[in-house]
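The values are calculated or read from the model by the stated rules, or taken from the named source; none is laboratory data. Keep in mind the model is a prediction, meaning the values are calculated, not measured. Glycine gets a Cβ as well: all are built from the backbone with ideal geometry, and neighbour counts include every protein chain shown.
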Amino acid sequence: MAKLSRKRTRYLILLAAASLIVWRGWPVVWIFLGLNLLVSSDYSRLDEMVPPPEKPSLTLLGLSHPMDEPGKLANELLFQPRRMMHGHGFSPASRMEPHLESIAGILTESSTYEPWYGSKLCGGFHADYCFRWIQEEKKWDALLCMGCHEVILFHEGRSLRCDLSSESAERILSILDVVDPQRRLP
């Protein structure tokens, strides 16, 4: 009877560990299947998707790139605090605060965005940053991939994938160089 108890205890521990890994690791499935990139590229809706001209109320830093640092990404997904937004994992980005107005000035201009021209050769869209604006209970999110200079905008249940104009991407990168010169980009 004691042996059955040990087997059952071992089984329950393994089941709990497997459940924890599945619960914490489900974003990996979304990432590798590309389900987090099932978004619109209908550029005609740009004006309704651009965030309001104010400072974002939330800024998050993307997790490690799945192609460049898969081991580090697995560690971040399983063992570190994270927040999931639109199928992408993020952690707090505390050093951004002094630079949010500058970044918002870029991301809230329609001229920042260009039609999406397709997947780039950098390993695919990876959300390096997430910016959220909240105005009168409405939310706008901008997920930036600075490796391929793309952005996915979200607003009221809709999405739009765009490229950043070359000038806008350079302006954002110059700000990010000050914020975090060691940031990981492909």
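Within segment 93-126, the residues that satisfy the criterion of being outside any helix (DSSP H, G or I), of a type in the set (G, A, S) and farther than 19 Å from R171 by Cβ are G118, S119, G123, G124.
Number of residues in segment 89-104 that are out of contact with any helix residue (DSSP H, G or I) (no Cβ under 9 Å at 6 or more places or on another chain) and without any contact (Cβ under 8 Å) to a residue 40 or more places away in the chain equals 3.
If you check K138 against the conditions, is it surrounded by fewer than 22 Cβ atoms within 10 Å (Cβ to Cβ) and farther than 20 Å from G62 by Cα?
yes
Looking across segment 51-65, the residues that are out of contact with any strand residue (DSSP E or B) (no Cβ under 7 Å at 6 or more places or on another chain) and buried (at least 18 other Cβ atoms within 10 Å of the Cβ) come down to S64, H65. Hey, among the residues in segment 52-90 that are charged (D, E, K, R) and part of a loop (DSSP other than H, G, I, E, B), which one's farthest from A18 (Cα to Cα)? Across segment 52-90, the extreme among qualifying residues is E54. If you go through segment 112-132 and keep only what is modelled with pLDDT of 90 or more and either hydroxyl-bearing (S, T, Y) or surrounded by fewer than 19 Cβ atoms within 10 Å (Cβ to Cβ) (or both), you end up with T112, Y113, E114, P115, Y117, Y129, R132. Among the residues of segment 118-128, those that are within 19 Å of H86 (Cα to Cα) and either in contact with a Gly (Cβ under 6 Å, 6 or more places away or on another chain) or free of Cβ contacts under 8 Å to residues at least 60 places away in the same chain (or both) comprise S119, A127, D128. The single condition among (1) among the small types (G, A, S); (2) farther than 25 Å from P66 by Cβ; (3) surrounded by fewer than 16 Cβ atoms within 10 Å (Cβ to Cβ) that S165 does not satisfy is (3). Taking (1) without any contact (Cβ under 8 Å) to a residue 60 or more places away in the chain; (2) part of a strand (DSSP E or B); (3) among the basic types (K, R) in turn, R132 satisfies each apart from (1). The single condition among (1) of a type in the set (D, E); (2) more than 17 Å from L164 (Cβ to Cβ); (3) surrounded by 14 or more Cβ atoms within 10 Å (Cβ to Cβ) that E109 does not meet is (2).
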